[in-house]
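Structure first, then comments.
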Amino acid sequence: MTAGRVGPDLRQRALVPVLVFLGTVVAVISSLGAPLVPTIADVDHVSLADAQWSLTITLLVGSVATPVLGRLGDGPHRRRVVLGAIAVVLAGSVLAALPLGFGYLVAGRGLQGVGLGLIPLAIATARDVLPADRSRPAVALLSITTVAGVGLGYPLTGLITESLGIHAGFWFGATISGLALLAAALVVPGVGAREKRPLDAPGAALLALGLASLLLALSDGEVWGWTSARVLALVLVALALLVGWSLHELRTAHPLVDLRTLRNRSVLTANVAGLIAGVAMYMLMSMVTRFVQTPSATGYGFGTSVLVTGLVLLPFSAASVASSKLVPLLTRRTSAAMVLPIGCGISLLSMVVFLLARGSLWELFLVMGVAGLGVGCTFAVMPGLIVNAVPAHETGSAISFNQVLRTIGYTTGSVLSAVVLEAHTASGRLLPANSGYQAAAWLGCAIWVVTAVVAVVLPGRATAARRTVAPVPVDEEILMDESIADAETVEDSVTPAPGRSGR
């Protein structure tokens, strides 16, 4: 089935909904493993540490596949790359759903991780194909789906698992993957004539090994011990490999990720803020999901089921989507450059509310709603900073690198919350004291403050005053100033994407 079966006008009208559906599917599927870890351990008779691999493997594969797909998608075969990646996700979903044992489930979850590289390709497609007045809000919405889908995946997983069993959750993933493949085959267009560049295989290998070592150390450090020889060795190996990868990328003619774009303050701000914000975001999500499931006999917590725990996260998804209506108001009242620190401030407020008020479930609903609003504003801005500061042929690669940094942030945030809570768990006890959540929340507040400072200071005063590069949220159009790249832009001759006005 080819895209030519559908008329071009209908295809263009359907393109944004299909891309958003793709992003939502990817986010939902990537979050399927998290609430199911205890159930997987029970059903497949493995330890909780082993069952955690059903989540870890998805992040590991995704962190490696994302930059590779991003670079391949910047070439002339983006449509094939998109369809191929969805097909791999579908195969992984079916493999995970079949009752073949724990090994096959982990393998299937690994294949599902390939889908994490689809968001940058969707953003690059929106930039290339749509006119400016439609591509900017599409980019914003696509970025939000990466966080909104996580909050949506938890309650869906809980409902399906409690009603139909653990494998039904993965069959649900297979079903929506199949629908996404069909929709993409009908609607996603090719990119036309574009130079084909060789894939940086050595760079991909160095990055894969470096990220795998780092994420493995972060994921299993709590089980092995943070000062154990294995964890320390993995961290040292990861640092050596990533430094080697960075040097290689700066020297090769066709890098997997053009690190020279980091000289542009817009790109640097988006990447640093994305990494730090990812840490803070997952710290709160990890704390809330663990807090509400803690038996009330401990003196705190509510002993909720997986389904109710997922419902607590629904306000996060709803508010992150609603943030698309808030950004235009913030932009008109301040400036687009200020939306990022304002979003950090709102997220900081959610952490403060959790710190001071978590004695009732409705307070946690409020916490997650405020968090979704802040995170939605923050992540809606980041891709726009990158898209408008790099050439069209670098969009997929640049957004992919930002996505990898977010993934590292997510994993680090989950680990940080676990480490703090473990430090406040008395010897011989399984559950931490309530003071552990206090300490973790204070740390989360500090991280959001750092993110806000980075968002204000890193771009530089002159650049921040000129730039209005935030993507326009849905149903709104905000004219963007011409001044996208400042004096430190790596390429003075950045060509504007089709449908955009440039200098």
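Label sites at Leu164 and Asp50, each approximated as a point 7 angstrom past Cα along Cα to Cβ, lie 2.8 nm apart. Gap in Å between the Cα centre of the stretch 266-290 and the Cα centre of the stretch 68-95? With the stretch 68-95 and the stretch 266-290 each reduced to a Cα centre, they are spaced 26 Å. With N counted as the residues of the chain, its alpha-carbon radius of gyration over 2.2 N^0.38 Å works out to 0.92.
Taking the average, over residues, of other Cβ atoms within 10 Å as the packing measure, peptides 394-402, 237-245, 377-385 rank 377-385, 394-402, 237-245 from highest down.
Could you give me D for the stretch 156-274, from Stokes-Einstein at 37 °C and 0.692 mPa s, where the hydrodynamic radius is the Kirkwood radius over C-alpha pairs? Units µm² s⁻¹, please. Result for D is 177 µm²/s.
Counting only the Cα atoms, the stretch 230-269 fills a convex hull of 79 Å³ per residue. The relative contact order of the stretch 201-284 comes to 27 percent, based on Cα pairs under 8 Å that sit 6 or more residues apart.
Averaging the Cα positions of each part gives two centres, and for the stretch 321-350 and the stretch 117-133 these lie 23 Å apart.
Accessible surface computed residue by residue for the chain, with neighbouring protein chains in place and a 1.4 Å probe, gives 38 Å² per residue. Per-atom-type breakdown for the chain gives carbon and sulfur 67% of the accessible area (1.4 Å probe, protein chains only). In this label model, Thr175 and Val243 are separated by 5.1 nm, measuring between points 7 Å along each Cα→Cβ vector. A protection proxy built from the mean count of other Cβ atoms within 10 Å ranks the segments 296-302, 360-366, most packed first, as 360-366, 296-302. The simple Förster model, with R0 at 45 Å and r as the Cβ-Cβ distance, assigns Ser228 and Arg333 a FRET efficiency of 0.30.
Computed from the C-beta positions of Val43 and Arg260 and an R0 of 41 Å, the FRET efficiency is 0.25 to the nearest 0.05. Under the criterion of Cα pairs below 8 Å and six or more residues apart, the relative contact order for the chain equals 22 percent. Highest mean packing comes first when the peptides 341-352, 178-189 are listed by Cβ atoms within 10 Å, giving 341-352, 178-189. If you stretched the chain out fully between Thr425 and Trp442, how much longer would it get, using 0.36 nm times the residue separation minus the C-alpha to C-alpha distance? Extending this stretch completely gives an extra 4.4 nm.
Label-to-label distance for Leu236 and Thr298 is 3.6 nm, based on points extended 7 Å past Cα in the beta-carbon direction. Compared with the alpha-carbon gap, the fully stretched path from Lys325 to Val449 is longer by 42.2 nm at 0.36 nm per residue.
The values are calculated or read from the model by the stated rules, or taken from the named source; none is laboratory data. None of the values given here were measured: they were computed from a predicted structure. We place every Cβ from the backbone using ideal geometry, glycine too, and count neighbours over all the protein chains shown. Accessible surface is based on the protein model in full, side chains and every heavy atom, while ligands, DNA and RNA are left aside. Shrake-Rupley method; radii C 1.70, N 1.55, O 1.52, S 1.80 Å.
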